Structures are given as C-alpha cells and as structure tokens.
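Bear in mind these aren't lab numbers, they're just calculated from the coordinates by the rules spelled out. These numbers were taken from a predicted model, which means no experiment stands behind them. Here the Cβ is made from the backbone with ideal geometry for all residues, glycine too, and neighbour counts use every protein chain on show.
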Amino acid sequence: MGAKDFALHDKRLVQQTYIDWTPYETGTTAPEGSVVVFNATHSNKFGHIAIVLKADSGSVQVLEQDGFAQHKGTYRRWRAYADCFGWLTRKEG
C-alpha cells in the first residue's frame, strides 16, 4: 500500500478519529504542518508524502526524505502541485 492508497482507501479507526483528508483542487493551498500526499508516477508506483512547511496556490515547500535517494537524507524543497493528490491534517477537537 502506498501513500495514495492510504489517503483513498484506508478507513481504519485512526484515520476516522484523528485525521481529516482534503483532496487537492486547483487553487487550494495545503496548510502548514499538514502531510501532503503526491500521486503515483511512472517511476514511483506508491506515491509520496511530505510535511508542509509553507504553501501558496502554485507550490508547496516541504520537508521530505526520498526513499530512492537515501544518501541525500532529509531536505527542504519547493514542489508544484502537479502530482498533488491532497493532504492529511489533524482533526480539531
């Protein structure tokens, strides 16, 4: 199961109780501190997740670690919303 699959299909108690899912729509902005989910690509069938540091309507600055490039460690990066599937946020209350 990849990141994109969890966001769509995993309806376990932890997700229902603690996490809200927001699908990406053009012009929306991922909130700081959320976990952004990127869709699968031809080179990564599982998708990708990262922590949002900053965002605007065109791109998102994230903290991430690439499983295919372990030598890079954790790093910051600006990413376009091109493959963005949506984001996970903590439920309020």
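Observations on the structure shown:
- Neighbour-count order for H42, H48, fewest beta carbons within 10 angstrom listed first: H42, H48
- One decimal place: the segment T41-T29 gains 2.2 nm when fully extended, by the rule 0.36 nm per residue minus the C-alpha distance.
- Local electrostatic count at D20 - Lys and Arg +1, Asp and Glu -1, tallied over other residues with Cβ under 9 Å: +1
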